[in-house]
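Please treat every number below as a calculation from the coordinates, not as lab data. If you're wondering where the values come from, they're calculated on a predicted model, not measured in any experiment. Here Cβ is always computed from backbone atoms with ideal geometry, including for glycine, and neighbour counts include all displayed protein chains.
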Amino acid sequence: MATATTSRPIVYTGATLHNVEWATYCKLRDEEANNHVRMIYLDGELTVVSPHIAHDLNSRIFLFVIAAVARASRVEFLPVGTTTLKKRGRGPSKGVGKEPDEGVYLRENVARMHNKKVLDLKLDPPPDLALEIDNKVNSEKAMITYARIGVPEVWRFDIEDETLWFGCLGGGRYRELERSLGFPRLTPALFLQSLEAYREGLSFNDWLDWLDAWARNLPEPN
């Protein structure tokens with residue numbers, strides 16, 4: 001069983017460390033040498049991952065789709081990328097921390113977070129939407145972490161199965177949604193249409209043109 005100590009500031013991808021105190025996690029997370037990795041911290045257990053190109057490409061594609069739908073629906077949005085979300089618990093090894101694959105603020109929270117230099121979840125709201133791309137690491141721990149942080153909506157995309165799930169937070173856990181809270185014109189099936197169009201071989205610029213037209217013509221929810 002691997003155990004982290006404060007004397008070793010660099011961690012290696014693929015590692016899961018146990019009995020990690022909150023102060024140690026924060027030190028590891030703030031260490032510049034670890035900027036290239038993502039971390040999931042959950043009550044003393046720290047998992048370290050380094051995203052593959054398939055993972056990061058899909059998260060960027062998702063962001064382009066979100067931007068097109070937000071513009072077409074006139075929804076104010078602010079993407080904050082992989083900003084670390086962390087919330088300390090009670091006790092030396094209690095707390096949660098995670099970098100979403102993409103975090104997005106919506107509507108009134110956009111003005112609140114505009115030009116923020118530092119995110120402090122004791123004062124600031126978490127992103128309204130977090131995107132979780134499942135590739136090599138199952139995101140069950142990530143869902144628990146998002147729930148503890150209080151992210152209202154999470155989308156999970158499985159790269160291998162190409163399935164998409166929308167969930168909203170309620171009662172400390174996520175329940176499945178037929179339509180997005182933040183973007184009510186979107187269902188998982190409709191969102192997947194945009195990915196299918198991208199994979200049909202359109203050039204990226206042609207796909208962006210297609211995407212804008214597709215977003216403008218999304219049906220209104222009943």
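Among DSSP beta bridges lying fully in the chain, give the percent that are antiparallel, nearest 5. Roughly 80 percent of the beta bridges in the chain run antiparallel, per DSSP.
When the alpha carbon gyration tensor of the chain is reduced to an equivalent ellipsoid, the three semi-axes, largest first, read 32, 19, 16 Å.
In percent, rounded to a whole number, the relative contact order of the chain is 15, using alpha-carbon pairs under 8 Å and six or more apart.
Is the range 33-91 rounded, prolate or oblate when judged by the Cα gyration tensor, a ≥ b ≥ c being the square roots of its eigenvalues, rounded requiring a/c under 1.5 and prolate requiring a/b larger than b/c? Oblate shape, in that a/c is at least 1.5 and b/c is the bigger or equal ratio.
Hey, if you put +1 on the Cβ of every Lys and Arg and -1 on every Asp and Glu Cβ in the range 154-222, which of TRP214, LEU202, PRO184 ends up farthest toward the positive end of that dipole? So the residue furthest toward the plus end is PRO184. By its C-alpha gyration tensor, with a ≥ b ≥ c as the square roots of the eigenvalues, how is the range 52-136 shaped: rounded for a/c under 1.5, else prolate for a/b larger than b/c, else oblate? Verdict is oblate for the range 52-136. The GluC sites (Glu not before Pro) of the range 78-180 that meet both conditions, a loop assignment by DSSP and at most 12 other Cβ atoms within 10 Å of the site Cβ, are GLU160, GLU162, GLU178. Modelled this way, with points 7 Å down the Cα-to-C-beta line, the labels at ARG199 and LYS117 are 4.4 nm from one another.
Here, the range 165-204 is characterised by an Rg to Rh ratio of 1.15, where Rg is the alpha-carbon radius of gyration and Rh the Kirkwood radius. The range 26-75 and the range 175-222 have Cα centres separated by 21 Å. Backbone amide hydrogens, once placed in the peptide plane, bring THR83 within less than 5 Å of GLY103, excluding anything fewer than 5 places away on its chain. Within the listed set GLY171, GLY182, GLY103, the Gaussian network model of the chain (springs between alpha-carbon atoms below 10 Å) gives the highest mean-square fluctuation for GLY171.
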